Every structure is written in structure tokens, then in C-alpha cells.
Amino acid sequence: MVVYVDLIFLTNLCIDGALIGLTAWMRKTKLVWWRWLLSAIVGALYVVMMFVPEFDFMFTFLIKFGLSLVMLVIAFGFKGLQAFMRTLGTFYVINFVAAGGILGVHYMLQSSGELFNGIWFTASGGMSFDLKIAFWFTFIVFFAMLFLFKTVQSSKQKTDRMTTYLGKVEVCIEEVNISCTGLLDTGNQLTDPLSRMPVMVMEVSLWQDMLPAAWKGRLKDEAPDNLIMELDQEDFHWQDRLRLVPYRGINNKGTAFMLAIKPDRVKVTMDEMCYETTKVLIGLDGGVLSSDGKYQAVIHPELVQDAASAQSTAISAGATEKPLNVV
């Protein structure tokens, strides 16, 4: 059998480097390039020692575990036992995910004949498995598993970050109460230039039963001022609550108008804190704000700022809210 030691060394250098790099990404740690490279070289040299008979004593659990500690110390340093144990745990989780993925894909692609040909029984009645995985198959699937793992983790982290900006929104108009999930958009500065009230955008589908039947499906593509002009022929008892708010969207070259409605009260609950105000407008969006349905409203940041002031305002009589700046 011909063994290409240089190919094995380079392959394991890439694999160890990828494992260290993904561990750093998971731990949100910046790597120094020479420490990263040196750690990968140590791991690759250990695999090369498999072909030196004099070093067969090194292939035990304690030596392998000790080598992983050395690799992590070289790559990340030692900044405390707790941080190092977390890095070690992350490193082994990534290793097990990659190894399990390789075995899973290997057996998934095997036929039943190939699978049973690899099983043999011992004299004591035990059962053993003969595992033969091609070199290039291992190499390709390994990096495919790491890429898939990183993609899943990125999606999870994005979802976790978004969850911190989600809150419960309750809008009250007379006897009507509309509740939904809202996303706090810290970059949203949409305000009504006349009243200087912040505008919280909501999907019009939440208000479909309260709006005129002739408006159904038209708010997305038709100018809202044209819809308001038709109200002469409609019986809409909230007509005095309607507003036209000018705004400039990303895809709009000029200024457009958003149809808004003045509620009696809006309550936003985030992080177990409740913010309530009457000085706000509800902008109606004819489309879908979230493609995956995680939220149906975009919360203006002014609605959840200065919690202490908001609470004292609710207690103190005659207190007024902070005016908003027009952007």
C-alpha cells in the first residue's frame, strides 16, 4: 500500500485549521494567524506519527486528549479555566458534529448489501463493523458538514438577536383591540411632520375587517390619497382618524404617502416592561413586513425609550411626552 504522507499532512492541516477557526467563530474570539497556523501544524504532525512504529504508544486516549489541550492553548492561550473549558467544549462539539456527519452521509449512501458486508460476528457472539470510507469522501463531506453547521448556527444567532428586539403590541381604538408581534427598528425615524408623532407601521391585513370593503387589496398598489377621496361614498366612522404621512422609501425616488390612523392608545411590552402612549400614529402597510411571519409591526424606537420617564408620566398628572424630531 502506498501512503502519501505529504498529502495526509496537508489534508489534516486544513481540517485542523478549519476546526480551530470554527471554534474561534463560535466563541467570538479573534485568532492570531501564526498561533492558528502553529496549532494546526501540531495537530497535522500528530496524524503523520501514525506511520512511525516507534510512536505507536502515543495513540491512546490520554495522549489524544492532551494534544487537543495543547492545540487550544497554542491557538487561544489560557485566559482562565472557565473560558478555556468553554473553548474545549466547543471544539469537541464541532469535532463530533463533523465526524457524525461523515458517518451519517456514508451510511446513507450505502446500499443494504454493502452495509451487511461490513458487519461480522466475533467468536464470543459480539458484532463488529468494518468501516471503510474513501479519503476524498471524508475530505469533502467534512468541510460540507462544517459549512452546514456554521450556516445553522448563523441562522440561530440571527434569530436569537432578533428575538431580543421583538415585543407585544396592543392597539386600541374605541372598542377594537388589535394585538400582534412587533419588531423594534432602532433606525426608524418616521414621524408625522404636522403633529410630530412617531409612526408605528403595521400590516394592513390586521385591520382588514375595520377598513372599508372597497379598500381590500388596493392599499399595496394604489395611492392612499385616492382611497381617501373615495370616502365620500363610504360609511367609515373612523374617517376623522385618518392621516397621510409623507415618507421617502428605499425604492422611491420621490416622496410618497403612507395611510395612517390615529389610535386611542398603544401599549408595547418588551423585556417584561410595558410602555403605553396615546401620542402615536399607526401606519398601514399593504404588504408583508416579515417573510417568515415573525412580526407584523415595526415599532418606532421613541415608543420604548426612557422607560423611567414613561412610568413617571403615567403616575404624574399633567406630564407631557418628549417631542420628536422630524427626519
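The values are calculated or read from the model by the stated rules, or taken from the named source; none is laboratory data. Source: prediction; values computed, not measured. All Cβ positions, glycine included, derive from the backbone under ideal geometry; neighbour counts span all protein chains shown. Quick note on the areas: whole protein, heavy atoms, side chains included, nothing else; ligands and nucleic acids left out. Shrake-Rupley method; radii C 1.70, N 1.55, O 1.52, S 1.80 Å.
Residues that are open to solvent by 60 Å² or more (accessible area, probe 1.4 Å), of a type outside the set (Phe, Trp, Tyr), at pLDDT 85 or above and in contact with a helix residue (DSSP H, G or I) (Cβ under 9 Å, 6 or more places away or on another chain) do not occur anywhere in the stretch 247-262. Checking each residue in the stretch 192-226 for being in a helix (DSSP H, G or I), open to solvent by less than 40 Å² (accessible area, probe 1.4 Å) and within 14 Å of GLY283 (Cβ to Cβ) picks out VAL204, TRP207, PRO224.
Within the stretch 99-107, one or more residues are open to solvent by less than 30 Å² (accessible area, probe 1.4 Å), part of a helix (DSSP H, G or I) and of a type in the set (Gly, Ala, Ser).
ARG196 fulfils the conditions (1) more than 29 Å from the chain's Cα centre (by Cα); (2) within 18 Å of LYS267 (Cα to Cα); (3) not hydrophobic (A, V, I, L, M, F, W, C) except for a single criterion, (2). Being in a helix (DSSP H, G or I) and in contact with an Asp or Glu (Cβ under 9 Å, 6 or more places away or on another chain) holds for only one residue in VAL70, VAL42, and it is VAL42.
For the stretch 147-204, the candidate set comprises residues that are of a type in the set (A, V, I, L, M) and modelled with pLDDT under 85; within that set, the residue that is nearest to PHE257 (Cα to Cα) is MET162.
Can you find a residue in the stretch 52-67 that is part of a loop (DSSP other than H, G, I, E, B) and open to solvent by 70 Å² or more (accessible area, probe 1.4 Å)? Looking through the stretch 52-67, none of the residues is part of a loop (DSSP other than H, G, I, E, B) and open to solvent by 70 Å² or more (accessible area, probe 1.4 Å).
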